[in-house]
Amino acid sequence: MDLKELNRIANAMVAKGKGILAADESSGTIKKRFDAIDVENTESNRRDYREFMFRTPAMRDYISGVILFDETIRQKAADGTPLVEIIAASGAVPGIKVDTGAKPLALCDGETVTEGLDGLRERFQDYHELGARFAKWRATYDPTKTSYNCINANAQALARYAALAQENGIVPIVEPEVLMDYDNTVETCEAVTEWVLKETFQQLYYANVALEGMILKPNMIVSGKKCAKQAGIDEVAERTVKVLKRCVPGAVPGIAFLSGGQSDEEATAHLNAMNAGRTLPWHLTFSYGRALQAAPQKAWGGKSENVAKAQAAFAHRARMNGLAATGQWKPELEKQAA
């Protein structure tokens with residue numbers, strides 16, 4: 001393991017004013033997105049959609065890394081250029097999702113553990129040859145029923161994954177996500193997130209993972225979607241920063257938040273509120289999927305004549321979040337053209 005190189009890559013992934021594009025939707029997940037805009041879920045359509053994002057000029061200014069799915073990291077653009085090369089040419093770091101999804105945790109009703117450790121060392125070697133320099137593994141937790149068994153099982157899996165990644169010269173993104181799909185209060189989200197993060201970092205320590213060569217991708221502390229009382233922007237920012245200070249060592253280069261089902265502007269506003277007027281031990285930025293892609297997907301609609309319009313929509317969202325990553329976003333900027 002070359003820790004100096006891992007640290008260099010990790011710092012590049014959380015460069016000031018930039019963030020990570022999560023374009024790692026499985027073929028099944030992207031089908032749901034395409035169904036919503038009446039686009040057939042074919043390999044060529046998936047390729048064309050991602051290619052226009054990767055070729056958007058704003059990539060160079062606001063995107064530091066791109067998380068890919070197995071299919072995508074092996075694909076070539078319409079002109080024969082590997083998509084990984086297009087990403088690297090923009091200055092962004094290519095990455096890969098390596099978990100195989102959350103599966104039911106035995107004897108724990110409704111709880112899950114993320115799988116994918118079998119054969120992971122060999123897959124990392126393959127992905128490194130294909131150009132990946134970071135990876136992502138996501139664990140999920142239901143805040144209304146999470147048990148220690150679930151938190152511990154996922155923490156151990158995250159730690160084993162992260163160690164294998166670093167062994168193979170790949171920066172691990174560690175993604176423990178407390179889901180926001182329920183009726184829980186913001187206080188419950190805060191308590192469960194703190195528990196999850198403390199256990200995760202304990203297991204990372206036991207697995208000898210070098211914190212200087214990893215990125216954390218957590219949820220923000222928000223109210224459940226079905227909760228009658230929704231925490232405001234400033235409360236979300238205060239609670240999230242408080243938990244991070246309690247749980248995340250300063251050796252970690254950066255924290256790239258997931259959007260977790262928030263609206264585009266909510267995700268941007270919350271990130272901005274965390275960065276504005278604060279001096280923190282790590283860079284706080286974004287690793288958004290839907291919150292970066294919903295607008296360009298709608299603008300594109302599967303039609304080549306809409307590519308420029310879709311790229312403009314993507315550029316606008318990337319710019320808004322780039323500003324939020326430095327605490328310089330303002331709501332009125334959303335009205336401007338990209």
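The numbers here are math on the coordinates, done by the rules we state, and not lab data. These figures come from a predicted structure and were not determined experimentally. Cβ placement follows ideal geometry from the backbone for every residue including glycine, while neighbour counts extend to all protein chains displayed.
So the values come out like this:
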{"item": "Whole-Hz couplings from phi, Karplus 6.51/-1.76/1.60, listed for the range 310-324; x for Gly and Pro", "result": "5, 5, 5, 5, 5, 4, 5, 5, 4, 5, 4, 6, x, 5, 5"}
{"item": "Fraction of beta bridges assigned by DSSP in the chain that are antiparallel (%, nearest 5)", "result": "10 percent"}
{"item": "All lysines inside 20 Å of Lys226 as judged from Cα atoms, apart from same-chain residues fewer than 8 positions distant", "result": "Lys145"}
{"item": "Summed side-chain charge close to Arg138 - residues other than Arg138 whose Cβ falls under 11 Å, Lys, Arg +1, Asp, Glu -1", "result": "-1"}
{"item": "Residues with amide H under 5 Å from that of Trp137, placed H, sequence gap 5 or more", "result": "Ile173, Glu175"}
{"item": "Semi-axis lengths, Å, the range 223-338, gyration tensor of Cα atoms, sqrt of 5 times eigenvalues", "result": "28, 16, 13"}
{"item": "Helix-derived mean residue ellipticity, 222 nm - over the chain, DSSP H n ≥ 4, -39500 (n - 2.57), to 500", "result": "-14500 deg cm²/dmol"}
{"item": "Ordering of 13-22, 226-235, 128-137 by burial proxy (mean other Cβ atoms within 10 Å per residue, highest first)", "result": "13-22, 128-137, 226-235"}
{"item": "Extension gain (nm, one decimal) between Gln336 and Ala276, 0.36 nm per residue minus Cα-Cα", "result": "19.5 nm"}
{"item": "Peptides ranked, highest mean first, by Cβ atoms within 10 Å: ranges 257-268, 170-181, 203-214", "result": "170-181, 257-268, 203-214"}
{"item": "Cross-link partners of Lys4 among lysines (Cα-Cα below 28 Å; sequence separation of 8 or more within a chain)", "result": "Lys16, Lys18, Lys97, Lys136, Lys198, Lys217, Lys245"}
{"item": "At q = 0.10 Å⁻¹, base-10 log of I(q)/I(0) for the range 3-335 (Debye sum, equal scatterers on each alpha carbon)", "result": "-0.54"}
{"item": "Cα principal axis extents for the range 1-137, largest first, Å", "result": "49, 46, 29"}
{"item": "Contact order normalised by residue count of the range 3-335, Cα under 8 Å, 6+ apart, percent", "result": "19 percent"}
{"item": "Rg over Rh [alpha-carbon atoms, Kirkwood Rh] for the range 63-107", "result": "1.19"}
{"item": "Cα-based reach from Lys76 at 14 Å (exclusive), listing aspartates and glutamates while leaving out same-chain residues under 8 positions away", "result": "Glu43, Asp48, Glu51, Glu85"}
{"item": "Phi to ³J(HN,Hα) by Karplus 6.51 cos²θ - 1.76 cosθ + 1.60 over the range 278-293, Hz, x for Gly, Pro", "result": "10, 10, 10, x, 9, 6, 10, 9, 10, 9, 9, x, 4, 5, 9, 9"}
{"item": "From phi via Karplus (6.51, -1.76, 1.60), per-residue ³J(HN,Hα) for the range 75-91 in Hz, x at Gly/Pro", "result": "7, 10, 5, 4, 8, x, 6, x, 4, 4, 5, 5, 4, 4, 5, 7, x"}
{"item": "GNM top mover of Thr72, Thr285, Thr29 - the chain, alpha-carbon springs below 10 Å", "result": "Thr29"}
{"item": "Ranked by how many other beta carbons lie within 10 Å on average, peptides 118-124, 296-302 from highest", "result": "296-302, 118-124"}
